[in-house]
Amino acid sequence: MGLGLGIEIGLGSVTPTEVTIPGTLADGDWSIEDAGTGGSADVTVSTPPSDGGSAFTDLEYKIDGDIWRTSGGTAPTFNIPSGFTDGVATNVRLRYVNAVGNALQSNQEPVTTS
């Protein structure tokens, strides 16, 4: 008589997680203010959006419709060192980036540097 060994392996159901572009920054999720250093501004993201299931790889900004530029990482606070004319209101937009792609741009926030 042979010895039978019964092994049952149950994997259960695995639901794949959909990975998407990051969410869009909503009104009130971020702010910008004059850095007081002549033509630069400080940005603070108080409430980051969803990362879409893939870690953020960059936080980008755009000044008055110019090209998107990197903030240098994903830190929630950073300085935009140039691109402003002192005394002139300038609009800035932000967006996060992950491995899937770019988030939709945020609403614009104005800043006047000095």
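The values are calculated or read from the model by the stated rules, or taken from the named source; none is laboratory data. Small disclaimer: the values here were computed from a predicted structure and weren't measured. All Cβ positions, even for glycine, are placed from backbone atoms using ideal geometry, and neighbour counts span all protein chains on display.
Comparison of G52, G72 shows that the only residue that is modelled with pLDDT of 95 or more, farther than 14 Å from S31 by Cα and surrounded by fewer than 17 Cβ atoms within 10 Å (Cβ to Cβ) is G72.
Set side by side, the residues T37, T24, T90 differ, and just one is surrounded by 12 or more Cβ atoms within 10 Å (Cβ to Cβ) and modelled with pLDDT under 95, which is T37.
Scanning the stretch 81-94 for residues that are assigned to a strand (DSSP E or B) and of a type in the set (G, A, S) turns up at least one hit.
Return the residues of the stretch 102-114 that are loosely packed, with under 15 Cβ neighbours inside 10 Å and under 11 Å from the mean Cα position of the chain (by Cα); say none if nothing qualifies. Show your work before the answer.
Let us first name the residues in the stretch 102-114 that are loosely packed, with under 15 Cβ neighbours inside 10 Å, namely 102, 104, 107, 110, 112, 114.
Result: N102, L104.
Being touching a strand residue (DSSP E or B) at 6+ places or on another chain (Cβ under 7 Å), more than 23 Å from T113 (Cα to Cα) and either buried (at least 16 other Cβ atoms within 10 Å of the Cβ) or modelled with pLDDT of 95 or more (or both) is true of T57.
Out of all the residues in the stretch 32-52, which are assigned to a loop (DSSP other than H, G, I, E, B) and touching a residue at least 40 places away in the same chain (Cβ under 8 Å)? Talk me through it step by step, then tell me what you get.
Going through the stretch 32-52, the residues assigned to a loop (DSSP other than H, G, I, E, B) turn out to be 35-40, 46-52.
The answer is A35, G36, G38, G39, S40, P48, P49, D51, G52.
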